[in-house]
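As structure tokens, the structure follows; a few thoughts come after it.
The values are calculated or read from the model by the stated rules, or taken from the named source; none is laboratory data. None of these values were measured; they are calculated from a predicted model. With ideal geometry, Cβ positions are generated from the backbone for all residues, glycine too; neighbour counts draw on all protein chains shown. With ligands, DNA and RNA removed, areas are computed over all heavy atoms of the protein, side chains included. Shrake-Rupley method; radii C 1.70, N 1.55, O 1.52, S 1.80 Å.
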Amino acid sequence: MSTTFTLDTSTSRANPTPAPMKRLTVPAIRGRKVDGVTADPVVMLTAYTARMAQLLDPHCDVLLVGDSLGQVIYGLPSTVPVSLDMMCAHGAAVVRGSYHSVVIIDMPFGSYEASPQQAFESAARILKETGAAGVKLEGGVAMAETIAFLSARGIPVCAHVGLTPQAVNALGGYAARGRSDAEAAKIVGDAKAVADAGAFLMVIEGVMEEVADAITAAVLCPTIGIGASARCDGQVLVTEDMLGMFERTAKFVKKYEDMASVISGAAERYASDVRARTFPTDAQVYRPKK
Ligand code: KIV
């Protein structure tokens, strides 16, 4: 289905045609998994801007404003320097650009780990300033108390276990986790702890397939895999990865397009037109009406 948008300049809203489906809710996403079975897998992609949200929204159930925007948008070396201001600004843009998907916003490193109170203040700011439905935070057993605290106060939390990129300095890199029995057991324990604490959804990133399968079988909330398993209750990818915006792609990414080539090809043709003075043509210049 192709959607077109008319910009309402008074509200900055882009109104879609055809009229969008009603926005999904956190309970609807949580309720996809019934008695351990998810008949309708949860489709999640990242979005950081209003226009990308408009394009992805009709096809997704959840749009994640990931702190991966640090690398993808800002060219930072990791997600560690990402700020709450960045997440709020991009989160508000994605909510403005979407009508159907549940929007979840990553809590950036340093905004939630100190205490449940710190996490509540940061999450409340995110929800107030963006209009998003929930937050995502990284960590297992150590974050269970915080997830319970937020959930009990009306803040839906998506957990994130396995490879947790904000911990890159402690992990020493981005290699897949759960190769040893001890590490696999720790990750499954983390997942059970955050699910029992009330997470409504859980991202499992960069783990051995059997670890992801064990978690999906053990927890009541839907699991969302990225570099995990096809048997998770849904999948997520960084949109720019699946669009082929980068030359290097990780093993777990499927490239659905080669946008890097499309964009550099268009820029090359534009540059050549400008240099040859073949742009603009009559079609692109203003002249008095006769
Ligand atoms: O920041 C992000 O985009 C994420 C996804 C990779 C799950 O956390």
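Taking the range 87-97 as the range and being out of contact with any strand residue (DSSP E or B) (no Cβ under 8 Å at 6 or more places or on another chain) and open to solvent by 40 Å² or more (accessible area, probe 1.4 Å) as the test, only Ala89 passes. Here the range 125-148 is the region considered, the condition is being assigned to a loop (DSSP other than H, G, I, E, B) and not hydrophobic (A, V, I, L, M, F, W, C), and the residue that is surrounded by the fewest Cβ atoms within 10 Å (Cβ to Cβ) is Gly131.
Under the condition of being open to solvent by 40 Å² or more (accessible area, probe 1.4 Å) and in contact with a helix residue (DSSP H, G or I) (Cβ under 7 Å, 6 or more places away or on another chain), the residues counted in the range 46-79 number 3.
Just one residue in the set Ala167, Ala148 is in the same structural domain as Val62 (by TED's automatic domain parsing), in contact (Cβ under 8 Å) with a residue 24 or more places away in the chain and within 23 Å of Gln235 (Cα to Cα); that residue is Ala167.
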